[in-house]
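The structure appears below as structure tokens.
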Amino acid sequence: MEKLFVDTNIIIDLLSQREPFYKEAAVLFSLADKKKIQITISSLTIANTSYILLRQMNAEKAKTVLRKLKLFVRILLLNDKIVSLALNDDTFSDFEDGLQYFTAIENEQDLIIARNLKDFKNSNLPVLTAGQYIIAL
């Protein structure tokens, strides 16, 4: 089964039903529900997503949404090695993108799904948008 590391923006697109990106994110999660792919996210994504959801809903509703998300994803740990790799890599102008990238690398993911491909322009893993991945199926 293909392991897709999904960046935070895709998760927020799904949970916040952000158009025009929601449908593509929903298709990815439908594939995961059918066990055709495995979606992984970093533990950082949970924290960042919670922050965004709390701007849109109360804390209990946000936790309920995150509990449902957890049923469909495998959460990868953010550890000392990943933080060190991101801190010492100058190819990422955004530290958070570096953390995401090295989480995917250290956990041997097959590819990264992100909305902003330029954020991962120096990636050694293939990086696709959700739409590009769906078309390639």
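What are the ³J(HN,Hα) couplings of the stretch 125-137, residue after residue, when phi is run through the Karplus curve with 6.51, -1.76, 1.60 and θ = phi - 60°? Round to Hz, x for glycine and proline.
Listing the rounded values in order: 9, x, 10, 10, 6, 4, x, 4, 5, 4, 5, 6, 4 Hz.
Sorted from fewest to most neighbouring beta carbons within 10 Å, what does the list Glu60, Glu24 look like?
Details: Glu60 8, Glu24 20.
Sorted ascending by nearby Cβ count, the order is Glu60, Glu24.
Which entries in the list Lys36/Lys70; Lys35/Lys118; Lys3/Lys70; Lys36/Lys63; Lys34/Lys68; Lys34/Lys121 go over 20 Å, if you measure between the two C-alpha atoms of each? It would help to have the intermediate numbers written out before the result.
Working: Lys36/Lys70 17 Å; Lys35/Lys118 29 Å; Lys3/Lys70 16 Å; Lys36/Lys63 27 Å; Lys34/Lys68 16 Å; Lys34/Lys121 31 Å.
The answer is Lys35/Lys118; Lys36/Lys63; Lys34/Lys121.
If you stretched the chain out fully between Ser43 and Tyr22, how much longer would it get, using 0.36 nm times the residue separation minus the C-alpha to C-alpha distance?
On the way: separation 21, 0.36 × 21 = 7.56 nm, distance 2.16 nm.
Answer, rounded to one decimal: 5.4 nm.
Taking the Cβ-Cβ separation of Ile105 and Arg55 as r and a Förster radius of 35 Å, what is the calculated FRET efficiency to the nearest 0.05?
Details: r = 31 Å, r/R0 = 0.88.
Given R0 = 35 Å and the Cβ-Cβ separation, E is 0.70.
Using the Karplus equation 6.51 cos²θ - 1.76 cosθ + 1.60 (θ = phi - 60°), what ³J(HN,Hα) coupling, rounded to whole Hz, does each residue of the stretch 90-105 give in order, writing x for Gly and Pro?
8, 7, 9, 6, 9, 4, 4, 5, x, 4, 5, 4, 5, 4, 5, 4
Could you run the Karplus curve 6.51 cos²θ - 1.76 cosθ + 1.60 with θ = phi - 60° over the stretch 57-73 and give me ³J(HN,Hα) per residue in whole Hz, x for Gly and Pro?
Working through the residues one at a time gives 7, 6, 4, 5, 5, 4, 5, 4, 4, 5, 5, 5, 4, 4, 5, 10, 10 Hz.
Does the chain come out rounded, prolate or oblate, given a ≥ b ≥ c as the square roots of the eigenvalues of its C-alpha gyration tensor, rounded meaning a/c under 1.5 and, failing that, prolate meaning a/b above b/c? Present the calculation step by step, with values, prior to reporting the outcome.
Details: a/c = 1.57, a/b = 1.19, b/c = 1.32.
Cα axes put the chain in the oblate bin.
Compute, for the chain, the length of the dipole vector about the Cα centre, with Cβ point charges of +1 (Lys, Arg) and -1 (Asp, Glu) only. Units Debye, rounded to 20. If you can, show how the numbers build up before the last one.
Working: 17 positive and 17 negative charges, 152 e Å.
The calculated dipole for the chain is roughly 720 debye.
Going by amide H atoms built from the backbone, whose H comes under 5 Å of the H on Thr40, apart from near neighbours?
Result for Thr40 returns Leu4, Phe5, Val6, Arg74.
In the calculated pair distance distribution of the stretch 2-62, what percentage of Cα-Cα distances lie above 14 Å? Working shown, then result.
Numbers: 1052 of 1830 pairs.
Percentage above 14 Å: 57.
Every read-out reported here was derived from the displayed coordinates using simple, explicitly stated rules and does not represent laboratory data. Here the structure is a predicted model, which is why all the values come from computation and not from measurement. Positions of Cβ are backbone-derived with ideal geometry, glycine not excepted, and every protein chain shown enters the neighbour counts.
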